[in-house]
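Let me begin by presenting the structure, written as structure tokens, before commenting on it.
What follows is calculated from the coordinates using simple rules that are stated; it is not laboratory data. What you are looking at is a predicted structure, and each value in this text was computed from that prediction instead of being measured. When we count neighbours, we look across all protein chains shown, and the Cβ atoms used for this are built from the backbone with ideal geometry, even at glycine.
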Amino acid sequence: MRVVALHDKLVGERLAMPVHGDGGRLMLAKGMKLTPALIDLLRARGYTRVAVEDSLTADAEIDASIQEETRQMTIRVMDTVMKNILRGSPGDIRPVREAVDAIIEDLRNNPKATIGLYSLCAFDEETYTHSINVCILSLCIAGTLGWPVHRLKDLGLGALLHDVGKVLIPKHIINKPSLLTDEEYQLVKTHPAKGFELLQQCYNVGPVVAHAALDHHERLDGSGYPRRITGNKISDFGRVVAVADVYEAMTANRPQRRAVLPEAVQAFLMEKRGSLFDGDMVEAMFERIVLYPAGTILSLWGGYVGVVIKQDPRANHRPVVRIVSGPGIHKATDVALYERPEMTINLVLDDYPPETRRLIADLGPLPVPGPDPCQGRFRKAETSSRR
């Protein structure tokens, strides 16, 4: 399996993961062959990436923070919540709490949190991908810090509903593919306060949970919004969700910009800990999350291209990568990046580059490697490339 940007050359390839539409309904099944019409359909629905089958990485260990059943149940619950708000009818908070309980249970069974691979549709707020991922990250932060279960449940509820105020912002502004005007941006900045009011009025969750919505855009130095409060005046829930929200938003594709390299986002958050973001919460998040999920295609130092096939427990930002092209490569070669610090990650690629595609086509499917990492070949290639 590899995760790629939607493009026309995917015609004939098969989906490695199912694609779900609004409300969590199955739209395209796993194994379905992509056609021009299906690619156009996915684009029209706002999808930017898909997971496709790949003989070179058929043994990749799929990373999933939560089970697919949990994710789809949560999407259905979120869909009901938003529709109830638009209808002006009070909703039942119990299904939302049940979804949070299921997420917490799944995370207990998974030592790492994976964000990015499953953010395949990060274009339209109705997909709820962002809200679910922020909930997962928030729970990982608080869990690492040792919060008790009852606080985790309340935090999960607030994190899952942190952006609920956006339902009252015109959809064309939320999904605008270009920069917002000053007037539009000021309107978007009202969503934390709107969410705070909705959560208390429609769902009676109480101010502690509702502050996850109100405070998630506040910053320690007072530069945030809507109240421009500082330091410990920002609620614990708000400080947790702020870190999770920024990481998820920056590492996902958006209508007006491409995703930022996860390590660059990590560097930004680590630099701003203590000034914009709570330092303990930033560090707790990076103890738990996976930066490069399985299936991610990477451009590496020295002209190599590889696909992440599994995680390395020694470092969340240095996975095991299957090198499929580069100097001296004639068969797929597995490399633990943790053991090769000189092999830096340059870019997350949209798909195999044209030269890699040609290599695979000319040589046929590269043999799947055994346990031998073939380090000698890389050492030789690196020496010659440095001259």
- Of the DSSP H helices in the chain, the ones reaching 30 Å or more along their long axis in Cα terms and averaging at least 1.6 in Kyte-Doolittle hydropathy are none
- Please list, or write none, the lysines whose alpha carbon is within less than 26 Å of the alpha carbon of K233, excluding same-chain residues fewer than 8 places away. K153, K166, K189, K194, K272
- What nm distance separates the two modelled labels at R45 and I173, each placed 7 Å from Cα along Cα→Cβ? 2.8
- Item | Residue (of A51, Q186, A64) at the positive-pole extreme of the chain, dipole from beta-carbon charges | A51
- Report, please, the projected area of region 68-290 averaged over directions, based on the convex hull of its C-alpha atoms, in nm². 11.0
- Message: Among DSSP bridges having both ends in the chain, what percentage is antiparallel? Round to the nearest 5.
- Response: 90
- K233: net charge of surrounding residues, Cβ under 11 Å, Lys/Arg +1, Asp/Glu -1, itself excluded? +1
- Query: With contacts defined as alpha carbon pairs under 8 Å and 6 or more residues apart, what's the relative contact order of the chain in percent?
  - Reply: 15
- Note on the structure: Ordering 9-17, 99-107, 236-244, 213-221 by per-residue average of other C-beta atoms within 10 angstrom, highest first, gives 236-244, 213-221, 99-107, 9-17
- Given only helices, namely DSSP H runs of n ≥ 4 each adding -39500 (n - 2.57), what is the per-residue ellipticity at 222 nm of the chain, to the nearest 500 deg cm²/dmol? -13000 deg cm²/dmol
- Query: For region 2-53, what relative contact order do you get, as a whole percent, if you take Cα pairs closer than 8 Å and at least 6 residues apart?
  - Reply: 52
- In a shell of Cβ-Cβ distance under 9 Å around D54, excluding D54 itself, what net charge do Lys and Arg (+1) and Asp and Glu (-1) give? -1
- Note on the structure: Taking 0.36 nm per residue of separation between H330 and L187 and subtracting their Cα-Cα distance, the length gained on full extension comes to 46.0 nm
- Message: What is the distance in Å between the Cα centroid of region 234-264 and that of region 188-220?
- Response: 18
- Note on the structure: In debye to the nearest 20, the charge dipole size for region 2-53, taken about the Cα centre with +1 at each Lys and Arg Cβ and -1 at each Asp and Glu Cβ, equals 100
- Task: Compute the Rg to Rh ratio over region 2-53 from the alpha carbon atoms, using the Kirkwood formula for Rh, and round to two decimal places.
- Result: 0.91
- Task: Would you please report the Å³ per residue occupied by the convex hull of the alpha carbon atoms in the chain?
- Result: 144
- Rounded to a whole number, the Stokes-Einstein D of region 260-322 in µm²/s (Kirkwood radius over Cα pairs; 10 °C; 1.306 mPa s) is 124
- Item | Under 20 Å from K30, Cα to Cα: aspartates and glutamates that are on another chain or at least 8 residues apart | D8, E13, D22, D40, E53, D54, D59, E61, D63, E68, E69, D351
- Message: Quick check for me: using +1 on Lys/Arg Cβ and -1 on Asp/Glu Cβ, what's the dipole size of the chain about its Cα centre, in debye to the nearest 20?
- Response: 480
- Message: Normalised by the empirical 2.2 N^0.38 Å for globular proteins, what value does the Cα Rg of region 1-93 take?
- Response: 1.29
